Amino acid sequence: MARRTISVIMNGVTGRMGYRQHLVRSILAIREQGGVVLDDGDVLWPEPVLVGRDETRVRAIAERHGLERWTTSLAEALADPEAEVYFDAQVTQAREKALRAAIEAGKHIYTEKPTAESLDAALGLARLAREAGVCNGAVQDKLFLPGLMKLKRLVDSGFFGRILSVRGEFGYWVFEGHWQQAQRPSWNYRAEDGGGMVLDMFPHWRYVLDHIIAPVRSVYAHTTTHIPERVDEQGRAYPATADDAAYGIFELEGGIVAQINSSWAVRVDRDELVEFQVDGTEGSAVAGLRNCRFQHRAATPKPVWNPDLPATEAFREQWQTVPDNADFDNGFKTQWELFLRHVATGSEYHWDLLEGAKGVQLAELGLRSAREGRRLDVPELEIR
């Protein structure tokens, strides 16, 4: 058994998502488990090269985790012939330029979403990567969450019969920052900095719907900025110019209707921060990040509407829980392992930059739908 080192340039690890989910809970967690064991018995060992604009912060992260390789120069990192993979978790505005430079340097590409700020740019990246012959992937972490994997198990088994509808609720209260510090970065609420609920979450809803339920065929969206002023990390008030809530209706292939509410100005009255209810002719299910409950047609109660009497049925107790039946790992880590295998062995990998472009497409159409107040078709995408 041989160990093969694969050098991974990680740009944006000083940010919350890049640090916590991608560096600590993915790459470092893979190292802690001894690497990725390939089919031939060899072990793939990721060696991160940290990149960040703030020297103090990136050095501190490297020292905290005993990592020797870090730099504030992306050009320097890309010039290293031993570096095989480039990963990007920067703010959206900086992503396209960095990804283009990495592709031109011959690096394999793995990136957070959205892959670019516009559909043309996202398709351009997918085309450039294909022409360069480099492996490429976009983060689609929610497909690897235990709750949604259980939901997919139900879909694949035919449990629902004919699927009729999907209802999704996502969000939580993000503090404005006046009297309690906000738990999300301030750029998320400035459109000029690439912020906004639609650009952030519609790419997620695209791959969740496409890969678990059915392909998205149309979108109607309403967006708003519920909280017009927030306070940034330096304690300064600023106008919130990006949408902080989006209410979308998506028609899926086969006439399935999906309605998803997304808000950073909502208080949570559900079991998990995101939940999807899928209703079909033979049964229904409610899936969150980790859990999934279901109710079969044969076990469905027969409630009768009578507003003059208090409810006597404990509806939530009438559902069953989908068992784990598997060991579920961190979703980000799982996809990292699949991508590294893909780079090392050429194994099958579906979640490429074209899939990432589909998310940007839905976000772009969602914002246009909100501006124009009408339903828009979602055409098929291809790289020309």
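Data overview
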quantity: Hey, Phe315 more than 27 Å from the chain's Cα centre (by Cα) and aromatic (Phe, Trp, Tyr) or not; calculated: yes
quantity: Enumeration of residues in the range 89-102 that are closer than 17 Å to Gly195 by Cα and not aliphatic (A, V, I, L, M); calculated: Gln90, Thr92, Gln93, Arg95, Glu96
quantity: Residue satisfying condition, being in contact with a Lys or Arg (Cβ under 6 Å, 6 or more places away or on another chain), of a type in the set (Phe, Trp, Tyr) and modelled with pLDDT of 95 or more, within set Trp351, Trp336, Trp319; calculated: Trp319
quantity: Criterion: under 30 Å from Gly346 (Cβ atoms), hydroxyl-bearing (Ser, Thr, Tyr) and at pLDDT 95 or above - qualifying residue of Tyr172, Tyr207, Tyr189; calculated: Tyr207
quantity: Hey, Arg162 touching a strand residue (DSSP E or B) at 6+ places or on another chain (Cβ under 9 Å) and crowded, with 23+ Cβ neighbours inside 10 Å or not; calculated: no
quantity: Residue among Ile249, Ile260, Ile256 that alone is surrounded by fewer than 16 Cβ atoms within 10 Å (Cβ to Cβ), at pLDDT 95 or above and either aliphatic (A, V, I, L, M) or on the phi > 0 side of the Ramachandran plot (or both); calculated: Ile249
quantity: Condition met for Glu192 (in a helix (DSSP H, G or I) and surrounded by fewer than 21 Cβ atoms within 10 Å (Cβ to Cβ)); calculated: yes
quantity: Meets criteria (among the charged types (D, E, K, R), more than 22 Å from the chain's Cα centre (by Cα), part of a helix (DSSP H, G or I) and modelled with pLDDT of 95 or more) for Arg25; calculated: no
quantity: Segments classed as strands (runs of 3 or more DSSP E), wholly inside the range 92-189, with at least 3 members that are more than 22 Å from Pro48 (Cα to Cα); calculated: 163-171
quantity: Matching option when the condition is surrounded by 14 or more Cβ atoms within 10 Å (Cβ to Cβ) and out of contact with any strand residue (DSSP E or B) (no Cβ under 8 Å at 6 or more places or on another chain), among Val278, Val360; calculated: Val360
quantity: Selection count where residues are part of a loop (DSSP other than H, G, I, E, B), within 18 Å of Asp141 (Cβ to Cβ) and either touching a Ser or Thr at 6+ places or on another chain (Cβ under 9 Å) or polar (S, T, N, Q) (or both), scope the range 316-349; calculated: 2
quantity: Which numbered condition Pro81 misses (of (1) assigned to a loop (DSSP other than H, G, I, E, B); (2) within 21 Å of the chain's Cα centre (by Cα); (3) surrounded by fewer than 21 Cβ atoms within 10 Å (Cβ to Cβ); (4) not small (Gly, Ala, Ser)); calculated: (2)
quantity: Test: residue in the range 210-225 that is out of contact with any Leu (no Cβ under 6 Å at 6 or more places or on another chain) and part of a loop (DSSP other than H, G, I, E, B); calculated: yes
quantity: Some residue of the range 289-297 being outside the structural domain of Met201 (by TED's automatic domain parsing) and in contact with a Pro (Cβ under 9 Å, 6 or more places away or on another chain); calculated: no
quantity: Lone unmet requirement of (1) in contact (Cβ under 8 Å) with a residue 60 or more places away in the chain; (2) touching a Gly at 6+ places or on another chain (Cβ under 8 Å); (3) under 30 Å from Arg368 (Cβ atoms) for Asp232; calculated: (1)
quantity: One residue from Glu382, Glu372 being modelled with pLDDT of 95 or more, farther than 30 Å from Pro46 by Cα and exposed (fewer than 12 other Cβ atoms within 10 Å of the Cβ); calculated: Glu372
quantity: Residue within the range 343-355 that is surrounded by 13 or more Cβ atoms within 10 Å (Cβ to Cβ), in contact with a Cys (Cβ under 7 Å, 6 or more places away or on another chain), in contact (Cβ under 8 Å) with a residue 40 or more places away in the chain and among the hydrophobic types (A, V, I, L, M, F, W, C) present; calculated: yes
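The values are calculated or read from the model by the stated rules, or taken from the named source; none is laboratory data. Values in this document were obtained by computation on a predicted structure and should not be read as measured data. When we count neighbours, we look across all protein chains shown, and the Cβ atoms used for this are built from the backbone with ideal geometry, even at glycine.
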